[in-house]
């Protein structure tokens, strides 16, 4: 292996470095080179022989052998060898066994050198891909920044540095416009292996977890564990509701999240390009919790059915549309936030009318 590409000494040095720096085992690399050399020989020499390749583990020299079956009299000299001839190669040769006859085909040294180099490059790429895959797999659930490379056909592709991030249409905020070369943040939703093992990082800006992580990033008390995010519900691009709680009675969890003059929450709103965010205080009492979850609407009374997870809510007449929200958004997000199956909202007038009708029926 001295003609082109990589010589024997360089091969061993390169393999040792890869084992040390990338964790690619020496035997694994040499086995891969042997397999590739075998394929290369068959492709280049169109041989019908039963051959094997052995790369010396110490010197890096490659040896090609024709493996022949030992018989009394060889009828197929390509695959067989007579006993008498076999014992010239191996004194211990026996009928039914095999002997290895070394081959030295023309130009095989050049092919071996090129093949070894290609295998090392390929295995290095595979190792780097595996390292990147493992690295980003461990980072699932984190926020990452990237430059938009492509934004068409409903998919946004981001350059994250060592790997591409892909944001499918369902993970995008429908009110946002994505342009090439814009720098954006996203939530690492998943990491997959694409074609040829290339890692692919799935990014989301639409999931509720993105809002949760932005709160952790902007609010030190949440990051430190002094304030806990109990739940997040979200209609991406329009409105989010975040329930927060602190076991420390001296801490105002909502006030801490909003910040003085709303500066803390404003940073999150800016990142989400104006998405409304309702920060409410979590409460173990479902009636209080549901009442708070319907903010910004004011609530008069909450009647709950714990077993069926159903809540009947009464609001002032002028608060009904606000409580329900456009297309039922506020009520739906409140139900998602609290984990209740249904929150039925009635105005004070509607409720009085229902009571009057019931009284008439009972008369």
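At q = 0.13, 0.19, 0.22 Å⁻¹, what log₁₀ I(q)/I(0) does a Debye calculation on the Cα points of segment 246-363 give, no solvent, two decimals?
Log10 I(q)/I(0), no solvent term: -0.61, -1.08, -1.25.
DSSP beta bridges in the chain, what fraction antiparallel, as a percent rounded to 5?
Percentage antiparallel, nearest 5: 70.
What ranking, highest mean first, results for peptides 105-115, 350-360, 134-144, 233-243 when packing means the other Cβ atoms within 10 Å averaged over each residue?
Peptide ranking by packing, descending: 233-243, 105-115, 134-144, 350-360.
Please say if segment 126-251 is rounded, prolate or oblate, where rounded means a/c under 1.5 for a ≥ b ≥ c the square roots of the C-alpha gyration tensor eigenvalues, and otherwise the choice is prolate for a/b larger than b/c and oblate otherwise?
Note, shape of segment 126-251 comes out oblate.
Given the -39500 (n - 2.57) contribution per DSSP H run of 4+ residues, what per-residue ellipticity at 222 nm results for the chain, rounded to the nearest 500 deg cm²/dmol?
Taking each H run of at least 4 residues, the total per residue is -12000 deg cm²/dmol.
Antiparallel DSSP bridges in segment 276-359: what percent, to the nearest 5?
Of the beta bridges lying entirely in segment 276-359, close to 45 percent run antiparallel.
Could you give the length gained by full extension between residue 147 and residue 42, i.e. 0.36 nm per residue of separation minus their alpha carbon distance, to one decimal place?
The span from residue 147 to residue 42 would gain 33.2 nm if fully extended.
With Kirkwood radius over Cα pairs in Å as the read-out, I listed [x] 26.9; [y] 22.6; [z] 30.9; which label goes with the value calculated from this structure?
Working out Kirkwood radius over Cα pairs in Å from the coordinates points to [x].
Using the alpha-carbon centroid of each, what span in Å lies between segment 3-59 and segment 75-132?
10
Evaluate segment 69-144: find the radius of gyration of its Cα atoms, find its Kirkwood radius, and give the ratio Rg to Rh.
On the way: Rg = 24.1 Å, Rh = 16.9 Å.
A ratio of 1.42.
What order, most packed first, do the peptides 146-157, 170-181 have when packing is the mean number of other Cβ atoms within 10 Å of each residue? Write down the numbers at each step before the final one.
Values: 146-157: 15.5, 170-181: 14.0.
Output ranking for 146-157, 170-181: 146-157, 170-181.
Once R0 is set to 51 Å, what does the formula 1/(1 + (r/R0)^6) return for the Cβ-Cβ distance between residue 192 and residue 354, expressed as a FRET efficiency to the nearest 0.05?
For residue 192 and residue 354, the calculated efficiency is 0.45.
For segment 85-104, list residues with backbone N below 13 Å from a point placed 7 Å from the Cα of residue 52 toward its Cβ?
Inside the label zone: 97-102.
Defining a contact as two alpha carbons under 8 Å apart and six or more residues distant in sequence, what relative contact order in percent does segment 21-131 show?
27
Read the figures in this text as sums done on the coordinates, not as results from a lab. Just so it is clear, the structure is predicted and the values come from calculations on it, not from any experiment. A quick note on method: Cβ atoms are made from the backbone with ideal geometry, for glycine too, and the neighbour counts reach across all protein chains shown.
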